[in-house]
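Enquirer: Below you'll find the structure I mean.
Laboratory data are not the source of any read-out in this text; all were calculated from the coordinates shown. This structure is a prediction, so every number in the text was calculated from the model and none was measured. Every residue, glycine among them, receives a Cβ derived from its backbone with ideal geometry; neighbour counts consider all protein chains shown.
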Ligand code: NAD
């Protein structure tokens, strides 16, 4: 079993799909690793580190030729891996809905493309979930970035020159990123409140020492919903939520928004009029910026100032923590492939009827096999 690790080419990408640790682990399973030269550079992993862990270093052609599996963060240009052998696994965040043409090209090339974003949200797959591992880091970094842009301190400080009051932080959307944002803001000494549409998050917010702010008059989502994800809310709920937010946001110094609805644009949670009620110097970090944004006027990848409030359109924040985000992403890939490793055949064997395999497999045998992609199911 030869496993290739690609050097990422997407603009702004810093992560690497393997680390010295996962190279060692795959080698211990019996695989041979081939890492494209410079693949780990921006994540502080030198070619020499990969070599010391047991990998061979080479050009893209060297590593891809004869590989049984190709690991990547973002799906590569199909042309750039044209020398891959039939049936090779291509594993990474392949972004199938937005890169349909590339997925078709992977199918035509006979590759078995496995898209890790579509990992089902079941207990067995938790250690393989790239969305969770990267969102967790993004939630932390959002608060650190907000603190850096905020012209005041987070904790309450009693000094000889007088008292500084604690920053008030409001987290909207309490999934993986939101929970980490709450925990990070609390560690920095802020007074934290948070909201979500899923009632199950209320207890989680309280257990982190933050105050839940919830729409009470219209029911939110009870229970876990579909795979723990939210859906679009009724107009009545949206109206009640807007009123609640308007009343609360004027008292906040920092707002972190993380609300996402899979397959839909991000819900609009904060309008311009609400931003205008915040104190000048306030900071909003919109983690949903890449999905259209939760905040009116937010620009993905940019920082804009409206009514004296800085709105940071956070784009793929995990990239700014390249060493940690690579370490977790690489472990997600290892946990996935090793869970299916067949010792006798010395390779992963992916059963057709396995829930995980059905979720992530996009192409096989020259065609698209994903039900979700072919529109037969959501
Ligand atoms: P997400 O990134 O899709 O969304 C972020 C949050 O935004 C969610 O909590 C969602 O409810 C919230 N949201 C959506 N619309 C909103 C609105 N209008 N107003 C306020 N909030 C809104 O979610 P996520 O972070 O990926 O996680 C969602 C859930 O899935 C969590 O409960 C998490 O623990 C669970 N999960 C389970 C597994 C597993 O079991 N393998 C893995 C990952 C996550």
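Enquirer: Could you work out the Kirkwood radius for segment 230-378, taking every pair of different alpha carbons, averaging 1/r and inverting it, reported in Å?
Expert: With all distinct Cα pairs of segment 230-378 included, I get 18.7 Å.
Enquirer: Just round it to a whole percent: the fraction of Cα-Cα distances in the chain exceeding 25 Å.
Expert: Of the Cα pairs, 58 percent sit more than 25 Å apart.
Enquirer: Normalised by the number of residues in the chain, what is the relative contact order in percent for Cα pairs under 8 Å and 6+ residues apart?
Expert: In percent, rounded to a whole number, it is 18.
Enquirer: May I ask for the Kirkwood hydrodynamic radius of segment 201-280, worked out over all distinct Cα pairs and given in angstroms to one decimal?
Expert: 14.2 Å
Enquirer: Here's another thing I want to ask about it. What is the distance in Å between the Cα centroid of segment 77-97 and that of segment 112-162?
Expert: If we compute the Cα centre of each part, the gap is 29 Å.
Enquirer: Does anything in segment 93-119 have its amide N under 14 Å from the 7 Å Cα→Cβ label point of residue 355, and if so which residues?
Expert: 119
Enquirer: Which residue fluctuates most in the GNM of the chain (Cα springs below 10 Å): 256, 164, 221?
Expert: 164
Enquirer: A further question follows. With the cut-off at 1.5 for a/c, could you classify segment 15-135 from its C-alpha gyration tensor as rounded, prolate or oblate?
Expert: oblate
Enquirer: Taking springs between alpha-carbon atoms closer than 10 angstrom, which of 119, 157, 233 fluctuates most in the Gaussian network model of the chain?
Expert: The residue that fluctuates most here is 157.
Enquirer: Report the far tail of the P(r) of segment 99-223, meaning the percent of Cα-Cα pairs longer than 22 Å.
Expert: So the portion of pairs separated by more than 22 Å is 53 percent.
Enquirer: Sticking with this one: Jot down the per residue volume, in cubic angstrom and as a whole number, of the convex hull over the alpha-carbon atoms of segment 251-307.
Expert: That works out to 68 Å³ per residue.
Enquirer: For the chain, what does the helix formula give at 222 nm: sum of -39500 (n - 2.57) over DSSP H segments with n ≥ 4, over the residue count, nearest 500 deg cm²/dmol?
Expert: Calculated mean residue ellipticity at 222 nm is -9000 deg cm²/dmol.
Enquirer: Can you tell me the order of 176-185, 92-101, 343-352 when each peptide is scored by its average per-residue count of other Cβ atoms within 10 angstrom, highest first?
Expert: The packing order, highest mean first, is 176-185, 92-101, 343-352.
Enquirer: Once each part is reduced to its C-alpha centroid, what is the distance from segment 229-275 to segment 1-46 in angstrom?
Expert: Spelled out, the Cα-based centre of one part sits 39 Å from the other.
Enquirer: What span do the alpha-carbon atoms of segment 271-343 cover on each of the three principal axes, reported in whole Å from largest to smallest?
Expert: Extents along the principal axes, in whole Å: 62, 21, 16.
Enquirer: Cα convex hull of segment 161-320: how many Å³ per residue?
Expert: Once divided by residue count, the hull of segment 161-320 is 125 Å³.
Enquirer: Choose one answer from 241, 206, 126: the residue with the largest mean-square fluctuation in a GNM of the chain with alpha-carbon springs under 10 Å.
Expert: Checking each option, the largest mean-square fluctuation is seen for 206.
Enquirer: Here is a follow-up. Helix 130-149 versus the longest principal axis of the chain: what is the Cα-based angle in degrees, 0 to 90, to the nearest 10?
Expert: On a 0 to 90 degree scale, this one is about 40.
Enquirer: Now for a separate question. Quick one: grab the alpha carbon gyration tensor of segment 175-248, order the square roots of its eigenvalues as a ≥ b ≥ c, and give me rounded if a/c is under 1.5, else prolate or oblate depending on whether a/b is larger than b/c.
Expert: Judged from the Cα gyration tensor, segment 175-248 comes out oblate (a/c at least 1.5, b/c at or above a/b).
Enquirer: While we're looking at this one, here's another question. Going by a ≥ b ≥ c, the root eigenvalues of the Cα gyration tensor, does segment 310-378 fall in the rounded group (a/c under 1.5), the prolate group (a/b larger than b/c) or the oblate group?
Expert: It is oblate, given that a/c is not under 1.5 and a/b is not larger than b/c.
Enquirer: Let me ask something else about it. Relative contact order for segment 297-378 using alpha-carbon pairs under 8 Å, separation at least 6, rounded to a whole percent?
Expert: 11 percent
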